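One structure is given below, encoded as structure tokens.
The values are calculated or read from the model by the stated rules, or taken from the named source; none is laboratory data. Keep in mind it's a predicted model, so treat the numbers as computed, not measured. Here the Cβ positions follow ideal geometry from the backbone for every residue, glycine too, while neighbour counts run over all protein chains shown. Note: areas computed on protein heavy atoms with side chains; ligands, DNA, RNA excluded. Shrake-Rupley method; radii C 1.70, N 1.55, O 1.52, S 1.80 Å.
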Amino acid sequence: MRASVPAALLAACAGIALYSIMDAVMKQVSLVTGAYVALFWRLSAGAAIMTPLFAFTRPRMPARRVLAIHAIRSAIIAVMAIAFFWGIVRVPLAEAIALTFIAPLIALALAAVFLKEKIGARSLLGSLLGLAGVGIILAGQLGAPHRPDSALGMAAVLTSAVFYAVNLVIARHQAQHAGPIEIAFFQNWMILALFALPAPWLLAPLAPGQWWMVILAAGLAIVSLLLLSWAYARAEAQVLLTVEYTAFVWAGIMGWLFFREPLALVTVAGTLLIVAGCWMAARNQPGLAEHEVEPALS
């Protein structure tokens with residue numbers, strides 16, 4: 001029996017909330033160890049969690065073509081994740097999340113270039129609104145009392161958004177060939193394999209008091225992925241799309257609660273423009289919007 005739309009909405013809201021809490025936990029660990037070390041150990045914990053879950057489903061080895069999709073998307077997510085978590089150490093969580101909302105608009109442009117999809121007038125206007133929102137947020141940082149390297153942090157977050165947009169386009173194909181548990185399993189192991197390459201030079205052990213936060217972050221990321229996948233399999237994307245933007249609210253709460261990060265009015269204004277642009281573009285491209293909400297275990 002299909003779940004009701006209210007149940008899917010609740011599941012999606014819970015998934016976004018858990019993912020936002022995971023971001024805050026990872027920022028706390030990254031402030032102490034650095035983004036690479038925090039991500040390496042979180043991926044290790046995630047792989048340890050997903051391996052028995054994947055084995056319990058009695059899986060068969062995916063075809064080489066599907067494995068190639070897993071590998072390509074994992075490489076893109078690896079860059080996306082390290083750029084994002086490196087960036088949020090240097091900028092407030094709410095501002096970072098607001099900047100990532102530009103990703104669906106970038107995905108529309110990539111779909112037009114690589115998938116030869118036509119961009120309508122509403123999509124073009126939505127993109128301009130989104131870019132204006134990003135400009136407002138960036139302008140709000142001029143003279144703001146942030147870290148000296150906050151500009152580099154924002155550049156890293158925007159770089160992460162570009163890779164996330166590429167990830168959204170690839171997710172269109174991956175979702176047709178693999179379920180959430182398989183995706184999470186291969187994603188954790190493949191990204192971990194990539195992160196293991198510089199480990200002899202960059203990896204450091206975690207302090208005993210940080211292990212519980214890394215394991216918590218891994219668990220939150222996995223549960224969030226499964227909740228979002230469950231929700232989007234049971235309700236239309238256009239119904240759940242606005243739920244994605246509740247991440248800004250949670251990021252603002254987590255940033256203030258754990259890091260005493262103030263929420264600037266220009267950040268709220270810029271976010272509203274980005275959200276309006278994404279909503280306008282998504283309504284003009286229902287096919288793309290349906291795939292854009294494919295969650296990523298970054």
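Going through (1) at pLDDT 90 or above; (2) of a type in the set (A, V, I, L, M); (3) closer than 25 Å to I181 by Cβ; (4) under 21 Å from the mean Cα position of the chain (by Cα) one by one, I69 falls short only on (1). A single member of F56, F40, F84 is of a type in the set (F, W, Y) and over 18 Å from the mean Cα position of the chain (by Cα), and it is F56. Where helices (runs of 4 or more DSSP H) sit wholly within segment 1-112, those with at least 3 residues that are open to solvent by 50 Å² or more (accessible area, probe 1.4 Å) occupy 5-33, 35-56, 64-88.
Checking each residue in segment 14-38 for being of a type in the set (A, V, I, L, M, F, W, C) and within 20 Å of E95 (Cα to Cα) picks out I16, A17, L18, I21, M22, A24, V25, M26, V29, L31, A35.
This table checks each residue for (1) modelled with pLDDT of 95 or more; (2) polar (S, T, N, Q).
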| site | (1), (2) |
| --- | --- |
| S4 | no, yes |
| A8 | no, no |
| S30 | no, yes |
| G34 | no, no |
| F40 | yes, no |
| S44 | yes, yes |
| M50 | no, no |
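Sort out which residues of segment 233-255 are over 22 Å from I181 (Cα atoms), at pLDDT below 65 and surrounded by fewer than 18 Cβ atoms within 10 Å (Cβ to Cβ), and write them in order of number. Q238, V239, T242 - these are the residues of segment 233-255 that are over 22 Å from I181 (Cα atoms), at pLDDT below 65 and surrounded by fewer than 18 Cβ atoms within 10 Å (Cβ to Cβ). Listed conditions (1) over 21 Å from A204 (Cβ atoms); (2) touching a Ser or Thr at 6+ places or on another chain (Cβ under 8 Å) are all met by I49, apart from (2).
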